[in-house]
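A short write-up of the structure that comes next.
What follows draws every value from the coordinates through simple rules; no lab data is involved. Just so you know, these numbers come straight off a predicted model, no measurement behind them. Note that each Cβ is placed from the backbone with ideal geometry, even for glycine, and that neighbours are counted across all protein chains shown.
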Amino acid sequence: MPGLGALTLNAAVLRNYALTLHAALADKGIYAGTLTIGGLIERGDIHQLLTANPEQFGQIPTLNPDDIAETAWQLTVSRNRAEEVFNALT
């Protein structure tokens with residue numbers, strides 16, 4: 001997605017920062033983590049717009065927001081890992 005290319009550097013910096021914070025602060029009881037969402041999230045405004053016209057946009061792989069929310073919750077509660085990735089293409 002060429003239009004999103006400019007965001008990749010910022011995303012990489014924020015990811016690295018979260019992972020570094022997690023490693024540096026875990027022994028102090030402070031949790032930091034990152035949830036990377038790579039895809040179209042179902043049931044939102046953008047999802048409705050893109051799926052309303054399949055002739056124009058084709059079939060777009062989607063992600064379930066309930067799965068994302070559950071994973072975010074589990075990251076927060078368990079604090080056992082600093083990162084989770086959702087990729088609609090895999």
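Enter the angle in degrees (range 0 to 90, nearest 10) between the Cα long axis of helix 65-78 and the first principal axis of the Cα atoms of the chain, meaning the one along which they spread out most.
0 degrees
With +1 on each Lys and Arg Cβ and -1 on each Asp and Glu Cβ, and nothing else charged, work out how big the dipole of the stretch 2-87 is about its Cα centre, in Debye to the nearest 20.
For the stretch 2-87, the charge dipole is close to 380 debye.
Between 35, 63, 49, where does the largest GNM mean-square fluctuation fall for the chain, given springs only between Cα atoms within less than 10 Å?
Checking each option, the largest mean-square fluctuation is seen for 49.
Please work out whether the stretch 1-50 counts as rounded, prolate or oblate from its C-alpha gyration tensor, where a ≥ b ≥ c are the square roots of the eigenvalues and a/c under 1.5 means rounded, while otherwise a/b larger than b/c means prolate and anything else oblate?
Judged from the Cα gyration tensor, the stretch 1-50 comes out oblate (a/c at least 1.5, b/c at or above a/b).
May I have the convex hull volume per residue, in Å³, for the Cα set of the chain?
About 105 Å³ per residue, rounded to a whole number.
For residue 6 and residue 66, calculate 0.36 nm times their separation in residues minus their Cα-Cα distance, and state this gained length in nm to one decimal.
Extra length from residue 6 to residue 66 when fully extended: 18.8 nm.
So, counting K/R as plus one and D/E as minus one, what does the shell of residues with Cβ under 15 Å around residue 14 add up to?
-1
Under 8 Å for C-alpha pairs, at least 6 residues apart: give me the relative contact order for the chain, rounded to a whole percent.
Worked out over the chain, it gives 33 percent.
Which one, 54, 20, 38, projects farthest toward the positive side of the charge dipole computed for the stretch 2-87 from Cβ point charges (K/R +1, D/E -1)?
20
Which value in nm describes the separation of the simple spin-label points at residue 32 and residue 14, placed 7 Å from the Cα toward the beta carbon?
For residue 32 paired with residue 14, the spin-label model returns 1.4 nm.
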